[in-house]
Amino acid sequence: MQTFGILILSGLTNGSVYALVGLSLAMTYGASRVINFAQGEFVMLGALSTVLFVTTFSLPMVVGIPMVLIVCATVGFLVERLAYRPLVRRGSQPLTIMIGTLACASIMTGTALLIWGPNQLFVPNAFSLEGVTIAGITSTPQQLAIIATFAFLMALIWFMLYRTTFGLTIRAVGIDPAVATLMGIRAETIIAFSFVFSAIVGGLTGGLVGPLLGGHVSMGIMLTIKGFMAVILGGMGSPFAAAAGGIAIGLLEATVAFYGNSFYAEPIIFGLILMMLIIRPTGLLGEWEANRK
Amino acid sequence: MLRIEGLKSGYGKSEVLHGVSMSINAGQVVTIIGANGAGKSTLVNTLSKLLPIMSGRIEFDGRDITALSASDVVDLGIIQVPEGRKLFGPLTVDENLTLGSYRVRHAPKAELTDRRKFVLDLFPRLAERATQRAATLSGGEQQMVALGRALMAGPRLLLLDELTLGLAPIVIDEMFETLERLKREGLTMLLVEQRADAALALADHAYVMATGDVVAEGPAPDLRNDERVRKAYLGESDITSD
Ligand SMILES: Nc1ncnc2c1ncn2[C@@H]1O[C@H](COP(=O)(O)OP(=O)(O)OP(=O)(O)O)[C@@H](O)[C@H]1O
Ligand SMILES: [Mg+2]
């Protein structure tokens, strides 16, 4: 029972990270119909700029984290303005634009390498890393903060998308930007918002998960892949499907690592996901989401 | 209200409109008729600023709007019902109507309620379908959503591109009755129609387009009796070939 609890907790923690990346990928995809392959780099940027502001500049956490988010928002804005928008305006196919975001990922990793170097860095923690034991299960406040942040952001995004006029315009732009424009919606601004918002979510994720994973310039790509897998596994239907996919991957990973060996956990997980997709090509929740309402 | 002068536009480098001029007065219904590929949709989309203007000038209420963006044009009240309806298929009828009212989203709530009431009164069927996804409606119902969505914006000039395309004759008649009612209420409309007979009966003024040019114009009743126009819109021969 206790091992089971520990397993769930560690699965939920990693799963929340993948879900946060998946959520932000789905958010950008929802408005722009493009997977932003630089999304994981925002987590990296979040983790390493936390090092910069909190460790190097010795700013307190409450000042440092907002600074981190501003940096991520700015870079997210630049990705949209310098890669996405020019390509769309030239009539590029989504695939071309995705390669564009991959180029941005590469540029971000390269720039980070120049700033922070190739070594793994200790990322200061906002919450305690001391274990607290509740009902026989030991966790850390940092871990719980990650799960709570995920739950909060998912609720926030749900509310925004499905309960506000602004969210309705985001969904409309995703369905057809030209027709949304005929409603007077500034489609480009909405898409820019989705990039900036996702970048902020990425930065926050980085600041939170950095202390657990360690900050490293090449940590982004692994997270992009896991987040992308979460999106595919959950189904392209909505950010929540992606979030569910992320949690599923986290739990699966924890289980495989616990009963087997974390060394071959990855191939097993990919294999299972492949099997699942053969059985349900639209993803776990894809179809359900499409029939919503 | 609207004045177009020497408008040239097209797709990429290919020019489709070769200098179109026309004008619409407030409260008027103006129709554009012409064969497939004449450039009617190109003109409507150029007015909505979805296509770039190569040269020429568009004036609305005496103001030069040539350089405005698509959403700026909507803000002024030039609202398009696009060819092929172009609903937000995965969204509900209600959500489609709400998106239509985006232009007036800051208006008092009572005004928005009134507007919705007006639309649902015009098309009572939409009230029954309010929570249904737009893509699952019949063609006629979808066209009601398309027109209703545009009316939610409180248009000052309504651009209608082939409203009746692919609809059953009885639904077409209903649509024209609705347009008749909107005309009586004083709405200014630019009507692109395949059903030239009905369009000319409704309109005050008409333009005939062929291969990107205006080839004839005049009061609608005159064009209705024009031999060449009759031949052209009945498809007996091409207006440009004689
Ligand atoms: N997206 C496009 N790219 C390139 N050329 C186009 C495009 N859309 C239309 N055209 C061309 O522009 C010309 C005018 O087309 P348009 O759609 O404006 O005609 P229309 O009068 O609306 O015809 P219809 O009655 O069939 O709707 C045609 O020759 C067409 O081939
Ligand atoms: Mg057309």
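The values are calculated or read from the model by the stated rules, or taken from the named source; none is laboratory data. It should be emphasised that the depicted structure is a prediction, and the values quoted were computed from it without experimental measurement. All Cβ positions, glycine included, derive from the backbone under ideal geometry; neighbour counts span all protein chains shown. Surface areas here come from the heavy atoms of the whole protein model, side chains and all, with no ligands, DNA or RNA. Shrake-Rupley method; radii C 1.70, N 1.55, O 1.52, S 1.80 Å.
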> From the set of residues in the range B:173-204 that are β-branched (Val, Ile, Thr) and open to solvent by less than 10 Å² (accessible area, probe 1.4 Å), which is farthest from B:Asp61 (Cα to Cα)?
Replying inline: B:Val192
> Does at least one position in the range B:94-114 carry a residue that is out of contact with any strand residue (DSSP E or B) (no Cβ under 7 Å at 6 or more places or on another chain), within 16 Å of ligand 2 (Cβ to nearest atom) and on the phi < 0 side of the Ramachandran plot?
Replying inline: no
> Just for the range A:34-58: of the residues that are without any contact (Cβ under 8 Å) to a residue 60 or more places away in the chain and not in a helix (DSSP H, G or I), which one is surrounded by the fewest Cβ atoms within 10 Å (Cβ to Cβ)?
Replying inline: A:Ser58
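I'm trying to understand the selection: among the residues of the range B:65-122, which are among the aliphatic types (A, V, I, L, M), within 7 Å of chain A (Cβ to nearest Cβ) and in a loop (DSSP other than H, G, I, E, B)?
Keep residues of the range B:65-122 that are among the aliphatic types (A, V, I, L, M), which gives B:65, B:67-68, B:70, B:73-74, B:76, B:78-79, B:81, B:87, B:91, B:93, B:97, B:99, B:104, B:107, B:110, B:112, B:119-120, B:122.
Those still in the list that are within 7 Å of chain A (Cβ to nearest Cβ) too: B:70, B:74, B:91, B:99.
Scanning the range B:65-122 gives a single hit, B:Leu91.
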> Does the range A:11-33 include one or more residues that are surrounded by fewer than 24 Cβ atoms within 10 Å (Cβ to Cβ) and touching a Phe, Trp or Tyr at 6+ places or on another chain (Cβ under 7 Å)?
Replying inline: no
>> Between A:Gly91, A:Gly30, which is small (Gly, Ala, Ser) and either over 26 Å from A:Ala103 (Cβ atoms) or part of a loop (DSSP other than H, G, I, E, B) (or both)?
In response: A:Gly91
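For B:Ile65, indicate whether it is within 18 Å of the chain's Cα centre (by Cα) and either open to solvent by less than 50 Å² (accessible area, probe 1.4 Å) or touching a residue at least 24 places away in the same chain (Cβ under 8 Å) (or both). Working first, answer last.
Details: within 18 Å of the chain's Cα centre (by Cα): no; either open to solvent by less than 50 Å² (accessible area, probe 1.4 Å) or touching a residue at least 24 places away in the same chain (Cβ under 8 Å) (or both): yes.
Judged against the criteria, B:Ile65 is not a match.
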>> Only one of A:Gly207, A:Gly283, A:Gly246, A:Gly202 is farther than 22 Å from A:Phe42 by Cα, in contact (Cβ under 8 Å) with a residue 40 or more places away in the chain and crowded, with 23+ Cβ neighbours inside 10 Å. Can you tell me which?
In response: A:Gly283
>> With the structure loaded, tell me whether A:Thr165 is within 14 Å of chain B (Cβ to nearest Cβ) and either buried (at least 22 other Cβ atoms within 10 Å of the Cβ) or at negative phi (or both) or whether it fails that test.
In response: yes
>> Exactly one of these conditions fails for A:Leu121: (1) open to solvent by 40 Å² or more (accessible area, probe 1.4 Å); (2) out of contact with any Gly (no Cβ under 9 Å at 6 or more places or on another chain). Give me its number.
In response: (2)
>> Restricting to the range B:154-205, give me the number of residues that are more than 16 Å from ligand 2 (Cβ to nearest atom) and more than 14 Å from chain A (Cβ to nearest Cβ).
In response: 30
>> Taking the condition of being farther than 25 Å from B:Ala198 by Cβ and surrounded by 18 or more Cβ atoms within 10 Å (Cβ to Cβ), how many residues in the range B:18-37 meet it?
In response: 0
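For the range A:190-197, does any single residue satisfy the condition of being in a loop (DSSP other than H, G, I, E, B) and either closer than 26 Å to B:Thr92 by Cβ or of a type in the set (Asp, Glu) (or both)? Give the derivation first.
To start, the set of residues in the range A:190-197 that are in a loop (DSSP other than H, G, I, E, B) comprises none.
No, because not a single residue in the range A:190-197 is in a loop (DSSP other than H, G, I, E, B) and either closer than 26 Å to B:Thr92 by Cβ or of a type in the set (Asp, Glu) (or both).
Being of a type in the set (Lys, Arg), over 17 Å from the mean Cα position of the chain (by Cα) and away from chain A (no Cβ under 11 Å) is true for just one of B:Lys8, B:Lys40. Which residue is that? Break it down into steps so the answer makes sense when it comes.
Details: B:Lys40 fails: over 17 Å from the mean Cα position of the chain (by Cα).
The match here is B:Lys8.
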> Looking at the range B:38-47, is at least one residue in contact with an Asp or Glu (Cβ under 8 Å, 6 or more places away or on another chain), more than 16 Å from ligand 1 (Cβ to nearest atom) and open to solvent by less than 10 Å² (accessible area, probe 1.4 Å)?
Replying inline: no
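Is it fair to say B:Arg85 is more than 16 Å from ligand 1 (Cβ to nearest atom) and either in contact with a Pro (Cβ under 7 Å, 6 or more places away or on another chain) or not β-branched (Val, Ile, Thr) (or both)? So that I can check it myself, show each step before the final result.
On the way: more than 16 Å from ligand 1 (Cβ to nearest atom): no; either in contact with a Pro (Cβ under 7 Å, 6 or more places away or on another chain) or not β-branched (Val, Ile, Thr) (or both): yes.
No.
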> For B:Thr178, which of the numbered conditions (1) more than 16 Å from ligand 1 (Cβ to nearest atom); (2) touching a Lys or Arg at 6+ places or on another chain (Cβ under 9 Å); (3) in contact (Cβ under 8 Å) with a residue 40 or more places away in the chain fails to hold?
Replying inline: (2)
> What about B:Leu137, is it within 14 Å of another protein chain (Cβ to nearest Cβ), within 16 Å of ligand 2 (Cβ to nearest atom) and either in contact with a His (Cβ under 7 Å, 6 or more places away or on another chain) or not charged (D, E, K, R) (or both)?
Replying inline: no
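Test of understanding: among A:Pro94, A:Pro86, which residue is at pLDDT 95 or above, over 19 Å from the mean Cα position of the chain (by Cα) and surrounded by fewer than 19 Cβ atoms within 10 Å (Cβ to Cβ)?
Working: A:Pro94 fails: at pLDDT 95 or above.
Among A:Pro94, A:Pro86, only A:Pro86 is at pLDDT 95 or above, over 19 Å from the mean Cα position of the chain (by Cα) and surrounded by fewer than 19 Cβ atoms within 10 Å (Cβ to Cβ).
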> Are any residues in the range B:11-51 at positive phi and in contact (Cβ under 8 Å) with a residue 40 or more places away in the chain, and if so, which ones?
Replying inline: B:Gly19, B:Gly27, B:Gly34, B:Gly37, B:Gly39
> Just checking, how many residues over the range B:11-37 are near ligand 1 (Cβ under 9 Å from one of its atoms), away from chain A (no Cβ under 14 Å) and touching a helix residue (DSSP H, G or I) at 6+ places or on another chain (Cβ under 9 Å)?
Replying inline: 5
> So B:Gly84 clears everything in (1) within 16 Å of ligand 2 (Cβ to nearest atom); (2) at negative phi; (3) surrounded by fewer than 20 Cβ atoms within 10 Å (Cβ to Cβ) except one condition, right? Which one?
Replying inline: (2)
